[in-house]
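Okay, so here's the structure we're looking at.
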Amino acid sequence: MTCCVIGVGNEFRGDDAVGLVVARTLADDFDGAVRVLECEGEPVSLITAWEGCDRAIVVDATQSGAAPGTIRRIAAHAGPLPASLSGSSTHLLGIADAIELARALGRLPARTIVYGIEGASFAAGDELSESAAAAAERVAVAIRRELEVER
């Protein structure tokens with residue numbers, strides 16, 4: 001099984017960088033057995049990033065109104081992402097849009113997991129909030145455990 005972890009975000013927009021932080025935290029953890037990538041979230045680049053993978057884990061910030069630092073783990077291969085996460089991206093199109101496009105094109109990995117981390121601030125120039133940084137560490141630990149169990 002080929003697997004990738006993709007951190008999505010914009011490092012110049014506060015908590016939108018949280019997916020990138022998770023990817024950077026995991027970058028050297030898997031001895032090349034898992035591709036760890038960063039992506040700005042544009043749907044075509046996301047679909048290209050997981051090309052050839054049987055499994056993809058995608059991490060992105062969310063803006064759904066939940067408490068900052070809230071973590072959601074969603075099995076996107078099982079069906080559409082919750083409506084509360086659609087349109088909640090700082091990217092032109094959100095992760096939900098990219099996943100549904102990939103599903104329609106037959107290019108969604110057989111197992112696609114999305115970790116959404118609720119952000120507090122997405123303003124240009126903001127730093128990562130404490131709640132997002134703490135959640136990023138918890139998600140990195142969860143991904144390590146998840147991938148270790150399946151190896």
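Here is how the numbers come out for the structure above:
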quantity: Number of the condition not met by Gly19 [criteria: (1) over 10 Å from the mean Cα position of the chain (by Cα); (2) among the small types (Gly, Ala, Ser); (3) assigned to a helix (DSSP H, G or I)]; calculated: (1)
quantity: Total residues in region 7-26, condition touching a Phe, Trp or Tyr at 6+ places or on another chain (Cβ under 8 Å) and charged (D, E, K, R); calculated: 3
quantity: Residue satisfying condition, being among the hydrophobic types (A, V, I, L, M, F, W, C) and modelled with pLDDT under 95, within set Ala78, Ala23, Ala67; calculated: Ala78
quantity: Residue satisfying all of: in region 126-151; of a type in the set (D, E, K, R), closer than 19 Å to Ala27 by Cα and in a helix (DSSP H, G or I); least open to solvent (accessible area, probe 1.4 Å) among these; calculated: Glu146
quantity: Number of positions in region 1-26 that are hydrophobic (A, V, I, L, M, F, W, C) and open to solvent by 60 Å² or more (accessible area, probe 1.4 Å); calculated: 2
quantity: Filter result for Arg35 (farther than 18 Å from Leu108 by Cα and surrounded by fewer than 20 Cβ atoms within 10 Å (Cβ to Cβ)); calculated: no
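The values are calculated or read from the model by the stated rules, or taken from the named source; none is laboratory data. Worth saying up front: this structure is predicted, and the values here are computed from it rather than measured. Neighbour counts run over all protein chains shown; Cβ positions are idealised from the backbone, glycine included. Remember, those area values only see protein heavy atoms, side chains included, never the ligands or the DNA or RNA. Shrake-Rupley method; radii C 1.70, N 1.55, O 1.52, S 1.80 Å.
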